1. May I ask you to compute the full-extension gain from B:E56 to B:T69, defined as 0.36 nm times their residue separation minus their alpha-carbon distance, rounded to one decimal in nm?
2. Give the carbon-plus-sulfur fraction of the accessible surface of the protein assembly as shown in %, rounded to a whole number; probe 1.4 Å, heavy atoms of protein chains only.
3. Of all alpha-carbon pairs in chain A, indicate the percentage at a distance above 18 angstrom.
4. How many Cβ atoms of partner chains, on average, are near each residue of A:42-53 if near means within 10 Å of its Cβ?
5. Set the Förster distance to 30 Å, then compute FRET efficiency between A:S54 and B:D17 from the Cβ-Cβ distance, nearest 0.05.
6. Using a 7 Å offset from Cα along Cα-Cβ at B:S9, what residues in segment A:26-41 end up with backbone N under 12 Å from the label point?
7. Rolling a 1.4 angstrom probe over the protein heavy atoms, how many square angstrom per residue are accessible across the protein assembly as shown?
8. I'd like the FRET efficiency for B:Q81 and B:L46, computed as 1/(1 + (r/R0)^6) with the beta carbon distance as r and R0 of 22 Å, rounded to 0.05.
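The values are calculated or read from the model by the stated rules, or taken from the named source; none is laboratory data. Model, not experiment: these values are computed from the prediction. Cβ atoms come from the backbone with ideal geometry, glycine included; neighbour counts cover every protein chain shown. In case anyone asks, the SASA skips ligands and DNA or RNA and just uses the protein heavy atoms, side chains included. Shrake-Rupley method; radii C 1.70, N 1.55, O 1.52, S 1.80 Å.
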Amino acid sequence: GAVVSQHPSWVICKSGTSVKIECRSLDFQATTMFWYRQFPKQSLMLMATSNEGSKATYEQGVEKDKFLINHASLTLSTLTVTSAHPEDSSFYICSASQQNTEAFFGQGTRLTVV
Amino acid sequence: GENVEQHPSTLSVQEGDSAVIKCTYSDSASNYFPWYKQELGKRPQLIIDIRSNVGEKKDQRIAVTLNKTAKHFSLHITETQPEDSAVYFCAASMGRGSYIPTFGRGTSLIVHP
């Protein structure tokens, strides 16, 4: 299957700082990328959907000013957690999709805010 | 929007037994149903999927069935092995060109040797 690479795999940051997570589709052009959040022993919760060259669509309850998403090219989307707080600590996973195909997941980023 | 219910939340079986995980969905417009396996701390991996024009699909020890009328679909794993132990997620997608899936809550499968 297609390869989606996500970096970093884990990050520890101080409360109040910002963290950027990258999601790259390595061998295909992703028209759509998705960002999920996963708490321990829970399912994947969709945060936002981003289409290349346009603004991301955020799910209800997700603060767009806190979770900044940029999808500047067909192979790269970034999620920036701004002014991170301990409650933002979680496992963040991206996925990428070509039109009319299934989505492929990145390896995830474990964010710990101290 | 779509709502996906998944049961059971945990499933414990002996090696060699079969395991069945069931999901229901709410939106009749959903037409793509993937199943993912997620090992601890790793990314979900697609293991099998089914589209609404098919009632059953099989891949070695894994099979998925779909009942569109009842809006439910199931994952069947036969001859389970310890390496099958993981969390399994079902999903339903409305297929709006980009297949944005709605995930079930997950089933933690434990296969005892």
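1. Result: 3.3 nm gained on full extension.
2. Here it works out to 49 percent.
3. Of all Cα-Cα pairs in chain A, 44 percent lie more than 18 Å apart.
4. Partner Cβ neighbours, averaged per residue: 3.
5. About 0.05, to the nearest 0.05.
6. Once the point is set 7 Å along Cα→Cβ of B:S9, A:41 turn out to lie under 12 Å by backbone N, inside segment A:26-41.
7. That works out to 49 Å² for each residue.
8. After rounding to 0.05, the efficiency reads 0.70.
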